[in-house]
Amino acid sequence: MSTSIKCKDLEKSYKGDGVETHALQGINLSFNKGEFTAIVGPSGSGKSTLLSLIGTLDQPSSGNISYDGKKLASMKQKQIADFRFEHIGFVFQQFHLLPTLTSLENVMAPLFSRKVPYNKKERAQEVLKQVGLEDKENSLPSQLSGGQQQRVAIARALVHEPDWLLADEATGNLDTESGEVIFDIIQRLNSEKNCGVLFVTHDHDLASRANRVIKMKDGSVVSSLVER
Ligand code: ADP
């Protein structure tokens, strides 16, 4: 089961030091289940803000987001946390792995104190295999390359079988070759597991390989093109 996402008249402002920044200025977008969308645009155009709102990490200043028709604004904090756990996986530019934990422990970390209907260790081993790191489960992050660390982060994002993967500059810290590997893994997960993807990137070559490319500028969507 996966979820469709609808953003309606979404606005987000940040206030600080007497200055108000309008990070998002009326976003209207829908994302179909299983769709692979790239989001591009200059720095400061609102891409990360959009992702954090869709990922329920933050709330809009006005407008709303709904998931299969259910409005985020109608959910209580606990419901939002459960929704995020069940449906959303995040991958960031900085891998954010815990340095003292092995790959396997990092991947299992989101399941800590959660009741799940499967064996946590076996599930973590399965997702590490999906990203080609079954032989690195006992390695610490410091013993892995950047590309491998990002693969652990992807496995961690997928361990609870989300139906959306939100990737914010996931290849931004990697060389071109490692970035390609990460993109290919995400693309394969999209087609094989029907996991929807929102992929924020500066890399127009990678973006052109998504089903759809959204361009943002100054907090607005300037184009939304279906590539294929
Ligand atoms: P992008 O991801 O496209 O680089 P962001 O969504 O990070 O853009 O930022 C959009 C605008 O909002 C920028 O002007 C940025 O400085 C501002 N912004 C983002 N997060 C915050 C915050 N927590 N507090 C204040 N301003 C912020």
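Before moving on, here are some points about what is shown:
- For the stretch 1-12, filtering for residues that are loosely packed, with under 15 Cβ neighbours inside 10 Å and either at pLDDT 95 or above or farther than 23 Å from His160 by Cβ (or both) leaves 1.
- Boolean, Thr176 is buried (at least 21 other Cβ atoms within 10 Å of the Cβ) and polar (S, T, N, Q): no
- Of the residues Ala157, Ala167, the single one that is surrounded by 17 or more Cβ atoms within 10 Å (Cβ to Cβ), at pLDDT 95 or above and away from the ligand (no atom under 16 Å from the Cβ) is Ala157.
- Residue tally, condition within 6 Å of the ligand (Cβ to nearest atom) and in a helix (DSSP H, G or I), over the stretch 31-52: 3
- Hits in the stretch 172-190 (condition: in contact (Cβ under 8 Å) with a residue 40 or more places away in the chain and either more than 15 Å from the chain's Cα centre (by Cα) or part of a loop (DSSP other than H, G, I, E, B) (or both)): Gly172, Asn173
- Sole exception among (1) within 12 Å of the ligand (Cβ to nearest atom); (2) farther than 29 Å from Ala124 by Cβ for Gln59, by number: (1)
- Flag for Phe112 being out of contact with any Asp or Glu (no Cβ under 9 Å at 6 or more places or on another chain), free of Cβ contacts under 8 Å to residues at least 12 places away in the same chain and among the aromatic types (Phe, Trp, Tyr): yes
- Residues (among the small types (Gly, Ala, Ser), under 22 Å from the mean Cα position of the chain (by Cα) and within 14 Å of the ligand (Cβ to nearest atom)) located in the stretch 2-28: Ser13, Ala23
- Selection within the stretch 87-115 - of a type outside the set (Phe, Trp, Tyr), in a loop (DSSP other than H, G, I, E, B) and within 22 Å of Leu166 (Cα to Cα): Gln93, Gln94, His96, Leu97, Leu98, Arg114
The values are calculated or read from the model by the stated rules, or taken from the named source; none is laboratory data. Remember, predicted model here, so these are calculated numbers, not experimental data. Note: ideal-geometry Cβ built from the backbone for every residue, glycine included; neighbour counts use all protein chains shown.
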